[in-house]
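Asks: Take this structure, written in structure tokens, and hold onto it; I'll ask about it next.
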Amino acid sequence: MTVQTNPGSVQNRNDAWQDEEMEIDLLSIMFRLIDKWKIIVIAALVGALLGATMVIIPRLSDKESGQYTATAKLYLQPTVPTTSIIDGFDTSLTAYMLAECREALNSQQVYQELIARLGLQGVYKYNEVLDMVTFWTPGNTHILAVSGTSSDPEEAMNLANTFVDIAQEVIPQQIENIEVVPFLRATVPVEPAPAEGSSSMMKVIIGFALGAFLVCAVYAVLFLMDDKVRSAEDIEKRFGLTVLGALPAQVVKKEAGK
Amino acid sequence: MKQVKLNRLEALDRVGAESLNAICSNLSFASENFKKIMLTSASAREGKSYLSVHILNNLARRGKRVALVDCDLRKSDLVNQYGVEGVGKGLAEYLTDGGLAEDVVYETNVPGAYLVPAGAAVVDPLPLLHSPKFTALLEELTAKFDLVLIDTPSVGLVIDAAEIAALCDGAVLVCEYGKTRRKDLAQAKRQIEAAHCPIIGCVMNKVSFKTISSKMYYNKALYARMKSGYYDQRK
């Protein structure tokens, strides 16, 4: 059953009036915020400054994660001749093959093999080892990068190199028409990786936006609580009075009436 | 008729002058039905006297004969504020001591503009405002002039304005931009309506055109054209 409403009903008129009132209020708030743009910009800059301070202070205290990361790389060469294939198709084929390679490496057998070769049984749980190894394709390349992360720099290097060794064996077995070429062996990392967190620029941007937002929110609340007459529409709508005119605050220019 | 001089009647800037023209035109349209118009406000110092004097000046310069009656018998500042020179008896003396209406109606240096000053301060002006002499004075002025403007105290402060409203044909409420509270304005409106005086309209005074919101609300196009020098062009 559908309920039809009378367009001219009192309820509808009230709803329309409320909708219109809300629209006017939002418009008024927007104008008020535009009036206060200088203060909003200052608040945003203060926010950005605080964000920048949050970036600088950890750097001054030399806060580090205590984890070492070592990276090894493989070059994945398709053995299918691509010279006759148009570039777009070649690109999609490469992306498709790289995705297949990543999927092949993301298996339990690979990680079990890694644990076995490095003798990590009983040292780490399986899920911990999953977190210690990450692999990705840098940009639009044929390269597969593998990172090992550990509190022991040598272990980090071994994780990366051993995983690459396993990948060299697994990928050709599971995926046809692809040749795996060692590209870069991991070395023992010298310094621990920096502590994780949002980027410096992101913190500054968040600080900027947060500063501006807070001041805008304060002004919006003050506006909504303001009981003073500030517009002709206000008088006309709230009191049903005609506004004959608005006289500006005067700057005296000259004497008259003499 | 005695004469006085308005020594401190300041000319408005161009935007102000145009705004005043609009207000006076609207009042002129209304004055066909409203001869006795009172100006009041919700609270003090919102610009009633300022507006009254400028409306008097503006309409007189248009060729109308306009009288301004200062009915703020408790604390009038109009004479001092506008440097009115040559004032003798005022409304208070006329209502207490008697005499002729001509004794308190002064011709000003603006042709067509006449002034009835408040006179000496009165502690309790209500009996005077209730007196038949006051009603008779207003009737006499109505007969002689095209328009009678009555400057009253704030209706939110003392009841005098409501008493005067009962004798007027219409009222203009003056409110100050960013100062008058809505609840005070609502109370003032109720009080005037209780005196069965129709409210002709409201005038926003001391509007700041410096803010974008005020520019958007009041005479945006006029303001923009004035500032851009649109009306300065001479062909």
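Asks: In this structure, is B:Arg61 over 12 Å from the mean Cα position of the chain (by Cα) and within 11 Å of chain A (Cβ to nearest Cβ)?
Replies: Numbers: over 12 Å from the mean Cα position of the chain (by Cα): yes; within 11 Å of chain A (Cβ to nearest Cβ): yes.
In short, yes.
Asks: Identify, by number, the condition in (1) more than 7 Å from every other protein chain (Cβ to nearest Cβ); (2) modelled with pLDDT under 85; (3) surrounded by 15 or more Cβ atoms within 10 Å (Cβ to Cβ) that A:Ile205 doesn't meet.
Replies: Answer for A:Ile205: the failing condition is (2).
Asks: Same structure, new question: Cβ-Cβ under 8 Å, sequence separation 6+ or interchain: first residue in the range B:1-24 and free of Cβ contacts under 8 Å to residues at least 24 places away in the same chain and at negative phi, partner surrounded by fewer than 19 Cβ atoms within 10 Å (Cβ to Cβ) and of a type in the set (Asp, Glu). Which pairs?
Replies: Every condition considered, the pairs that remain are B:Glu10/A:Glu255; B:Ala11/A:Glu255.
Asks: Just name the residue that is nearest to the chain's Cα centre (by Cα) out of those in the range B:149-179 that are within 21 Å of B:Ala136 (Cα to Cα) and within 14 Å of another protein chain (Cβ to nearest Cβ).
Replies: Applying the filter and picking the extreme gives B:Leu149.
Asks: Output the residues belonging to the range B:180-195 that are surrounded by 15 or more Cβ atoms within 10 Å (Cβ to Cβ), within 9 Å of chain A (Cβ to nearest Cβ) and either farther than 20 Å from A:Ala232 by Cβ or not charged (D, E, K, R) (or both).
Replies: Selection gives B:Thr180, B:Leu185.
Asks: Within the range A:188-199, is there a residue that is at pLDDT below 90, of a type in the set (A, V, I, L, M, F, W, C), farther than 22 Å from A:Tyr111 by Cβ and assigned to a strand (DSSP E or B)? Please lay out each step first, then the result.
Replies: First, pick out the residues of the range A:188-199 that are at pLDDT below 90: A:189-199.
Retained after the next criterion (residues that are of a type in the set (A, V, I, L, M, F, W, C)): A:190, A:193, A:195.
Applying the additional criterion that residues be farther than 22 Å from A:Tyr111 by Cβ yields A:190, A:195.
Of the ones still in play, those that are also assigned to a strand (DSSP E or B) are none.
No - not one qualifying residue is present in the range A:188-199.
So that you can scan it fast, the table gives a plain yes or no per residue for (1) modelled with pLDDT under 75; (2) touching a Ser or Thr at 6+ places or on another chain (Cβ under 6 Å); (3) closer than 21 Å to A:Leu222 by Cα:
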residue: A:Arg32; (1), (2), (3): no, yes, yes
residue: A:Ile42; (1), (2), (3): no, no, yes
residue: A:Leu74; (1), (2), (3): no, no, no
residue: A:Ile85; (1), (2), (3): yes, no, no
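Asks: Right, next: Going through the range B:1-41 one residue at a time, which ones are facing chain A (nearest Cβ under 9 Å) and aliphatic (A, V, I, L, M)?
Replies: B:Leu6, B:Leu9, B:Ala11, B:Leu12, B:Val15, B:Leu20, B:Ala22, B:Ile23, B:Leu27, B:Ala30
Asks: List every residue pair whose Cβ atoms sit under 8 Å apart, with the two residues 6 or more apart in sequence or on different chains, where the first one lies in the range A:90-102 and is within 14 Å of A:Thr79 (Cβ to Cβ) and modelled with pLDDT under 80 and the second, anywhere, is of a type in the set (Val, Ile, Thr) and outside any helix (DSSP H, G or I).
Replies: Within 8 Å, the pairs are A:Asp90/A:Thr82; A:Leu93/A:Val80; A:Leu93/A:Thr82; A:Leu93/A:Ile85; A:Met97/A:Ile175; A:Met97/A:Ile178.
Asks: If you don't mind, there's one more thing I want to ask. List every residue pair whose Cβ atoms sit under 6 Å apart, with the two residues 6 or more apart in sequence or on different chains, where the first one lies in the range A:221-244 and is more than 7 Å from chain B (Cβ to nearest Cβ) and the second, anywhere, is assigned to a helix (DSSP H, G or I) and modelled with pLDDT under 85.
Replies: Hits for this filter: A:Phe223/A:Ile29; A:Phe223/A:Arg32.
Asks: Which numbered condition trips up B:Cys202, out of (1) assigned to a helix (DSSP H, G or I); (2) facing chain A (nearest Cβ under 7 Å); (3) under 26 Å from B:Leu59 (Cα atoms)?
Replies: (1)
Asks: Another one. Would the range B:28-41 turn up any residue that is touching a residue at least 12 places away in the same chain (Cβ under 8 Å), assigned to a loop (DSSP other than H, G, I, E, B), touching a helix residue (DSSP H, G or I) at 6+ places or on another chain (Cβ under 9 Å) and not basic (Lys, Arg)?
Replies: Pass one, the range B:28-41, residues touching a residue at least 12 places away in the same chain (Cβ under 8 Å): B:28, B:30-31, B:33-41.
Remaining after also requiring assigned to a loop (DSSP other than H, G, I, E, B): B:31, B:33-35.
From what's left, touching a helix residue (DSSP H, G or I) at 6+ places or on another chain (Cβ under 9 Å): B:31, B:34-35.
Filter again for not basic (Lys, Arg), leaving B:31, B:34.
Checking the range B:28-41: at least one residue is touching a residue at least 12 places away in the same chain (Cβ under 8 Å), assigned to a loop (DSSP other than H, G, I, E, B), touching a helix residue (DSSP H, G or I) at 6+ places or on another chain (Cβ under 9 Å) and not basic (Lys, Arg).
The values are calculated or read from the model by the stated rules, or taken from the named source; none is laboratory data. Here the structure is a predicted model, which is why all the values come from computation and not from measurement. Note that each Cβ is placed from the backbone with ideal geometry, even for glycine, and that neighbours are counted across all protein chains shown.
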